[in-house]
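A short write-up of the structure that comes next.
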Amino acid sequence: MCGIVGAVAQRDVAEILLEGLRRLEYRGYDSAGLAVTDSEQQLRRLRRLGKVQNLSEALDETPVLGGTGIAHTRWATHGEPSEANAHPHMSGDNIAIVHNGIIENHEPLRELLKGRGYVFTSQTDTEVIAHLVDWELGQGGGLMEAFQRTVKQLEGAYGTVVMDRRDPDRLIAARSGSPLVIGLGIGENFLASDQLALLNVTRRFIFLEEGDVAEITRRSVNIVDVQGEFVERQTHESSIEHDAADKGPYRHYMQKEIFEQPSALINTLEGRIDGNSVLVDSIGHGAAEILTKAEHIQIVACGTSYNAGMVARYWFEDIAGVSCDVEIASEFRYRNFATRPNSLLITLSQSGETADTLAALRKAKERGFMGAMTICNVAGSSLVRESDLAFMTRAGAEIGVASTKAFTTQLASLLMLVTAVGKQKGNVDVGKEKAIVEALNRLPATMEQALAFDKEIELLAEDFADKHHALFLGRGEYYPIAMEASLKLKEISYIHAEAYAAGELKHGPLALIDADMPVIVVAPNNELLEKLKSNIEEVRARGGQLYVFADKDAGFEASEGMTIVAMPHVDEVCAPIFYTLPMQLLSYHVALIKGTDVDQPRNLAKAVTVE
């Protein structure tokens, strides 16, 4: 969601801050701003509604020079998008602050501060923090002590950074539920909400942990934990490619990331399969013992990751022979659930910082789960650090808000995990494991075949130019693939789309079928094919417009009202991953026709770090 960048250096930092914000644009935002302490120890602030480019143009017109500064891209939670509500927020002329998250008790704090004489100039919860810091400074002590007293009064989630013009060589940061990372330089230090923002200035990072408060100067970093004790946090060397934000020959990040999926899958598989087997030890230290003991799998995730979990439920029960439940994290975290014996929690997240998923992990730990594993794309993220096992998808940086390669690499990771669980439980024999591994090895080349349908799907997408609604159908493990396809279409084209298990048509959705309602069907050649054909006939009989992505051997023929996209036959176990790609291409090309912002769809953010 929102992005934070900060710097303490001898050189002017405004351009560093601006470049950091540009690298975080993929997260989604509605305004941008920065504040810098200049050579005369005055706070200079610039804020603009809209894109970072607007802030850049303002900076060209009004240069801001100074070695200590903070910057922010805002995604509105409290108060409409406006320059007045944009960060940084200030208290008087002295304190400036940026903040990700939500302060749940901001209303009583606002009334308290008004009673103390503070005047509010925004509708945000963040401004409360700025005034609290100012008040606490007046009670004695330095900026660090005042900030520590301030955060003890806050309820909710925050990643926040404060600066004081009277103490110009220092930034103070605090993390509770919203990530912050410190970047280490030579005679200069930085911080951000995502290490991608700082890869142009450093490769060495310290990840703040829950409850940490950090003091950053040019030559030092001091961290105090939730108990108020000084602590040392591990330094990590980043291997992320700094040019991940380069679109290359592609028009959009989403297009680039769709076409990167074969190579991303190769990275996911590397070192995890050998010969004819899945290497259980590659899942993590102690994985064999944990997977052997697991009698039940509980998957918790949000959005696209939830859809991946829904596919995995079929695999866990059919292939591994282990019961599996899947739940939306925002529901799971507040439900009074019963913990099953020897239940393994699996969280799925691209960013590893999804607020609801992280809260679900912490609750599950309290409720006696046997162990916790995350399947994630970001090393060093909160989910990775707080889980017993971490299986990295290695998808590479995903910039487009609508997830593509993160989804398919999650599915491949889950299939390897399912195979490992089944092997440890004695439910996957040598022959079955060999067949799965061979299918996984063929998958990158198979995905290239799916991408070859790009031009055909581009032409088909023209039929959606005037559509406002769509239905997606699938059966078995292809129902969650239909769910993911529906999510992609609504995310980036703004067409209202829904997915149904095809057998549910007669229980309500048939009422929606008419000539203006396109119905997209995922139709592999499997044991449910004949049942699916019956469901397709239900749509045809009511004048629906069908688009069937079908196995070429499934026996479909194009006719009036039914367009067939004949797909090659693929290994059944990996077919859900394969059929995801044409659905992504369809959504992409429909969005182009609709003229929407493909990479940064309205109202959405890449990493959802608040409830």
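Quick notes on this structure:
- Subset tally (residues that are part of a helix (DSSP H, G or I) and at pLDDT 95 or above) for segment 95-107: 0
- Residues of segment 208-226 that turn out to be crowded, with 16+ Cβ neighbours inside 10 Å and under 22 Å from Asp164 (Cα atoms), as a count: 10
- Only one entry of Ala58, Ala86, Ala76 meets the criterion of being surrounded by 24 or more Cβ atoms within 10 Å (Cβ to Cβ) and either at pLDDT 90 or above or outside any strand (DSSP E or B) (or both), and that entry is Ala86.
- Failed item, numbered, when Ala566 is tested on (1) small (Gly, Ala, Ser); (2) at pLDDT 90 or above; (3) surrounded by 18 or more Cβ atoms within 10 Å (Cβ to Cβ): (3)
- In this entry, Ser282 passes the filter for residues that are surrounded by fewer than 17 Cβ atoms within 10 Å (Cβ to Cβ), among the small types (Gly, Ala, Ser) and touching a Phe, Trp or Tyr at 6+ places or on another chain (Cβ under 9 Å).
- Candidates in segment 484-499 are the residues that are in contact with a helix residue (DSSP H, G or I) (Cβ under 8 Å, 6 or more places away or on another chain) and surrounded by fewer than 22 Cβ atoms within 10 Å (Cβ to Cβ); of these, the one that is nearest to Ser305 (Cα to Cα) is Glu498.
- Flag for Ala130 being without any contact (Cβ under 8 Å) to a residue 60 or more places away in the chain and within 27 Å of Leu18 (Cβ to Cβ): yes
- Test: residue in segment 483-492 that is within 30 Å of Arg22 (Cα to Cα) and in contact with a His (Cβ under 8 Å, 6 or more places away or on another chain): yes
- Listed conditions (1) at pLDDT 90 or above; (2) in contact with a strand residue (DSSP E or B) (Cβ under 8 Å, 6 or more places away or on another chain); (3) surrounded by fewer than 18 Cβ atoms within 10 Å (Cβ to Cβ) are all met by Glu229, apart from (2).
- Top-ranked residue in segment 150-169 [being buried (at least 17 other Cβ atoms within 10 Å of the Cβ) and free of Cβ contacts under 8 Å to residues at least 40 places away in the same chain; ranked as farthest from the chain's Cα centre (by Cα)]: Asp167
- Number of the condition not met by Glu538 [criteria: (1) part of a loop (DSSP other than H, G, I, E, B); (2) within 21 Å of Leu505 (Cα to Cα)]: (1)
- Flag for Leu585 being under 22 Å from Phe464 (Cα atoms), assigned by the TED database to the domain that holds Pro262, in contact with a helix residue (DSSP H, G or I) (Cβ under 8 Å, 6 or more places away or on another chain) and in a helix (DSSP H, G or I): yes
The values are calculated or read from the model by the stated rules, or taken from the named source; none is laboratory data. Being a predicted model, the structure only gives us computed values, none of them experimental. Note that each Cβ is placed from the backbone with ideal geometry, even for glycine, and that neighbours are counted across all protein chains shown.
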